[in-house]
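Taking it in order: structure first as structure tokens, then the write-up.
The values are calculated or read from the model by the stated rules, or taken from the named source; none is laboratory data. For clarity, every value in this text was computed on a predicted model and none was experimentally measured. In this analysis, Cβ positions are derived from the backbone assuming ideal geometry, glycine residues included, and neighbour counts consider all displayed protein chains.
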Amino acid sequence: MDVFNETRSFDPAAQKMLKIADKNNYETVWDRLEKQQPQCGFGLLGVCCRNCVMGPCRIDPFGEGPEKGACGATADTIVARNLCRFIAAGAAAHSDHGRRPAILLKEIAEGKNKNYFIKDEIKLKNAAKRLGIEVEGKSINELAKEVAEIALNDYGKQDSNPIKFFQGYAPKKLKEKLSNLENVLSEKLNKRIGIIPRNIDREIVDIMHRTHIGVDNGPLSLVMQGIRAALGDGWGGSLVATEVQDILFGTPKVHSVQANLGVLKENKINIVIHGHEPVLSEKIVEVSQRPELIEYAKSKGAEGINIVGMCCTGNEILMRHNVAIAGNELHQELAIITGAVEAMIVDVQCIFPALANLSNCFHTKFIATSDQAAFPGSIHIQFEEEKADEVAENIIKLAIDNFPNRDKNKVNIPEEKKEALVGFSTEQIVEALGGTPEPIVNAIKDGKIKGIAGIVGCNNPKVTQDYFHINLTKELIKRDILVIGTGCWAIACAKAGLLTLDAKELAGGGLRSVCETLKIPPILHMGSCVDCSRMLVLAGAVADYLGVDISDLPLFGSAPEWMTEKAVSIGTYFVASGIPVHLWPIPPIMGSQEVVKILTETAKDVLGGYFVVEQDYKKAADIMEKEIIEKRKKLLGE
Ligand code: SF4
Ligand code: MSK
């Protein structure tokens, strides 16, 4: 038994690969994190400020050192500003992701891009209706152009009206609640407070402006702008990404795929696609199926081409195609260490720059493709939508040409892989329910299901990989709580064999019977990080159906192994939409009692959602279950 590596990862495939890494001195994220210890206490508490060069300043949390920065900023101001910048970066990453498919949709509609076409016309029409576009008598291209223009206008308009995506998709009571809250807080603080997003980009720029030295110093005012930017992500940028990607590449449908490093094939050209945006990965999947490329692969001694995903680009192609997923975030280095990867293709977000050095220990070509993301030591092949087919073909050929360079003595593919039922878009869930949320609502009313938990987020080497994800999920379904989610959590569940109909055996009796009736697993994979918007839309649909606010529903969110700034934005828009959220590890806010109070207490009073931190999965499940039971009782008037 390798106890050391068992504390690093809960996944047997990862444990095996870590052993190989240790033996051969291949450095991984766990090694580098260890070298960072002890980490800076000021940073962990969020009390250091580098927002001007009178600093850096830091506040002594024990009251023995400075209580203020050189400009006079207190710990409350500094923590709130840092939190806002975290949210801004997360919202920017998601929202900028959404911009790309929106531009592409417009170009397709105008006949400027012939490499892509619109796959889901029904989704396009539904989106158009939501956005208030008259659908009758218009061609698909006309509708596509109007939808794309509304999306792009939501990024760039200068008036103060709510963004159209929020107006068209958010449930009625949420809109009313946030609008009232703007008035109440403006009066209370004697200063105008805006919460409803006016423009996806502007709310992010606004944060960067107000967190500049000498602008906004009020913790509540700052946090509210953080909330506004996060709402511009959840009901804006991320939603644009999900909706437009579904229009372009198809709304996911339920199907089965395989998950974990065992999906790499000894006799095939293995290409791992890692990152977040599906615009290139869709092309790679499509082009890799061309007979002439398969023949070319065979001419190099391989049996074919094996495209697999990693992280959220992996989730995007897994949701829409029968493409296996090699792993979640902490698997990215381990995939290379199998020695069987001809090419690791990356775009943006969550990609370790360390992959460049590591791939030098193997024959793997580490190929960067985004103009936004340089990886020193990588091969850069610039992706452009107008040349998508050509770029995809070049990348695949490079991988094929690399196959003869594979060193068979270095190949170690673990056998672990599991079947997973995936593709639970909101549309597929509603279809499984027979076209209305009624069966789920009835199951909650009858007490067969207590409520729903949405789990999101990453891996973080500070937490044993997948341990919290798997155990919390099992604990919740055992307690008759249906679990839905996205991102690296979903991949963790897929690797653990939890995304199957058989997983109902791990569920409580009530949930099991619902799964049997609806023929769904008790744990539903809803997609990538940006697809957290699917959960919002689903929650909104149920709230509107019942005529209540989202905060009245028995829902709870969790990000049990989070690490990215995007996860903070997701958690914040869940909370702002009325869903309480559990987090582990602790976010860097503990240096300000006031900010902690706003996020854990004030938010609960005014939004219905709030944050809670808990390290133990059983205690986290207790907290979630207790709240869900209370909400359910209240909803039923019990
Ligand atoms: Fe220090 Fe204030 Fe500058 Fe921050 S903004 S670094 S607290 S002087
Ligand atoms: S990839 S944001 S580590 S979920 Fe979306 Fe995974 Fe978190 Fe990146």
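Would you check if residue 432 is within 27 Å of residue 537 (Cα to Cα) and surrounded by fewer than 23 Cβ atoms within 10 Å (Cβ to Cβ)?
yes
Output yes when any residue across segment 155-163 is small (Gly, Ala, Ser) and crowded, with 19+ Cβ neighbours inside 10 Å, and no when none is.
no
If a residue must be touching a Gly at 6+ places or on another chain (Cβ under 9 Å) and within 16 Å of ligand 2 (Cβ to nearest atom), how many such residues does segment 276-308 contain?
Qualifying residue count, segment 276-308: 2.
One residue is enough: does segment 104-114 have a residue meeting the conditions away from ligand 2 (no atom under 16 Å from the Cβ) and more than 30 Å from residue 384 (Cβ to Cβ)?
No, that holds for no residue.
Considering only segment 2-35, state which residues are touching a residue at least 40 places away in the same chain (Cβ under 8 Å) and of a type in the set (A, V, I, L, M).
Hits for segment 2-35 are 13, 14, 17, 18, 20, 21, 29, 33.
Just checking, which of 435, 457 is more than 16 Å from ligand 1 (Cβ to nearest atom) and free of Cβ contacts under 8 Å to residues at least 24 places away in the same chain?
Exactly one of 435, 457 is more than 16 Å from ligand 1 (Cβ to nearest atom) and free of Cβ contacts under 8 Å to residues at least 24 places away in the same chain, namely 435.
Please go through segment 297-332 and pick out each residue that is among the small types (Gly, Ala, Ser) and touching a residue at least 60 places away in the same chain (Cβ under 8 Å).
Listed by number, the residues that qualify are 297, 301, 302, 314, 324, 326, 327.
Regarding residue 257, is this residue over 30 Å from residue 47 (Cα atoms), crowded, with 22+ Cβ neighbours inside 10 Å and not small (Gly, Ala, Ser)?
For residue 257, the condition - over 30 Å from residue 47 (Cα atoms), crowded, with 22+ Cβ neighbours inside 10 Å and not small (Gly, Ala, Ser) - is met.
For segment 470-482, which residues satisfy the criterion of being among the charged types (D, E, K, R) and part of a helix (DSSP H, G or I)?
Of everything in segment 470-482, those that are among the charged types (D, E, K, R) and part of a helix (DSSP H, G or I) turn out to be 474, 475, 478.
Does residue 103 satisfy the condition of being within 28 Å of residue 229 (Cα to Cα) and out of contact with any Leu (no Cβ under 6 Å at 6 or more places or on another chain)?
Considered against the rule, which asks whether it is within 28 Å of residue 229 (Cα to Cα) and out of contact with any Leu (no Cβ under 6 Å at 6 or more places or on another chain), residue 103 comes out as yes.
Considering only residues that are part of a strand (DSSP E or B) and under 24 Å from the mean Cα position of the chain (by Cα), which ones fall in segment 260-303?
Listed by number, the residues that qualify are 271, 272, 273, 274, 275.
What residue, of 485, 508, is at pLDDT 95 or above and away from ligand 2 (no atom under 16 Å from the Cβ)?
Among 485, 508, only 508 is at pLDDT 95 or above and away from ligand 2 (no atom under 16 Å from the Cβ).
Evaluate the following for residue 470: is it at pLDDT 95 or above and either under 17 Å from the mean Cα position of the chain (by Cα) or surrounded by fewer than 24 Cβ atoms within 10 Å (Cβ to Cβ) (or both)?
yes
When you look at residue 40, is it crowded, with 22+ Cβ neighbours inside 10 Å, among the hydrophobic types (A, V, I, L, M, F, W, C), more than 16 Å from ligand 2 (Cβ to nearest atom) and free of Cβ contacts under 8 Å to residues at least 40 places away in the same chain, yes or no?
So residue 40 fails the test.
Going through 124, 83 one at a time, which residue ends up being more than 16 Å from ligand 2 (Cβ to nearest atom), under 28 Å from the mean Cα position of the chain (by Cα) and over 17 Å from residue 588 (Cα atoms)?
Residue meeting the stated conditions: 124.
Tell me the residue from 396, 413, 440 that is more than 16 Å from ligand 2 (Cβ to nearest atom), under 19 Å from residue 538 (Cα atoms) and of a type in the set (A, V, I, L, M), please.
Going through 396, 413, 440 in turn, just one is more than 16 Å from ligand 2 (Cβ to nearest atom), under 19 Å from residue 538 (Cα atoms) and of a type in the set (A, V, I, L, M): 440.
I need the helices (runs of 4 or more DSSP H) fully contained in segment 1-78, keeping only those with at least 3 residues that are within 27 Å of residue 568 (Cα to Cα) and either modelled with pLDDT of 95 or more or within 16 Å of ligand 1 (Cβ to nearest atom) (or both).
Ranges flagged: 29-35, 41-45.
I need a count of the residues in segment 607-626 that are surrounded by 20 or more Cβ atoms within 10 Å (Cβ to Cβ) and more than 23 Å from the chain's Cα centre (by Cα).
The number of residues fulfilling the criteria is 1.
Look through 368, 326, 392, 399 and report the one residue that is more than 16 Å from ligand 1 (Cβ to nearest atom), surrounded by 24 or more Cβ atoms within 10 Å (Cβ to Cβ) and either more than 26 Å from the chain's Cα centre (by Cα) or of a type in the set (Ser, Thr, Tyr) (or both).
399
Every residue in segment 96-114 that is charged (D, E, K, R), closer than 15 Å to residue 143 by Cβ and under 26 Å from the mean Cα position of the chain (by Cα), please.
Listed by number, the list holds a single entry, 106.
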